[in-house]
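Below is one structure, written out as structure tokens; the observations come after it.
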Amino acid sequence: MDFILNFWVELGNWVAGVLSGWGMPEWGVNLFADIVGVLILVVVGIMAVIVFTPMERKVIARMQDRPGPNRTWGYGAIQAFADAIKMLTKEDVTPANADKRLHMLAPILVVIPSLLVFAVLPFGPRLVGQDLNIGVLYFVA
């Protein structure tokens, strides 16, 4: 029963054992585990956006008594992809008198601190990006 409850931990321990058995140093195993963990969290986040975006738009459309996202295939199922393509193909306009580097850097400076909160947020046993002694203070700040 413990194996079922700690499936991801046991799987990670098994993969770490296999990589160590192949002669990979401990820092390499930890780096590999960190990269795989980040990739899993990113994929889960992207999948959540893909699933919840059409649902949110349908609910909002229902509240406003209008049809929801119906321009894309599958009753709006690929609306997130259409939005991403639209966003990536838009022209980036910088005001004439603006500092171009600061104009490009401003969104990054706003988003990075909010994403760094996830570094101390535990997603499960041993599924925490950085185990800080002052993690709660870091999270609240």
Suppose we filter MET104, MET55 for residues that are over 30 Å from ASN6 (Cα atoms), outside the structural domain of LEU19 (by TED's automatic domain parsing) and outside any loop (DSSP other than H, G, I, E, B); which single one remains? MET104
When you look at VAL9, is it of a type outside the set (Asp, Glu), part of a helix (DSSP H, G or I) and under 26 Å from the mean Cα position of the chain (by Cα), yes or no? yes
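When the residues of the stretch 67-97 are narrowed to those that are among the aliphatic types (A, V, I, L, M), in a loop (DSSP other than H, G, I, E, B) and exposed (fewer than 12 other Cβ atoms within 10 Å of the Cβ), which ends up farthest from the chain's Cα centre (by Cα)?
ALA96
The values are calculated or read from the model by the stated rules, or taken from the named source; none is laboratory data. Just so it is clear, the structure is predicted and the values come from calculations on it, not from any experiment. Note that we place each Cβ from the backbone using ideal geometry, even for glycine, and neighbour counts take in every protein chain shown.
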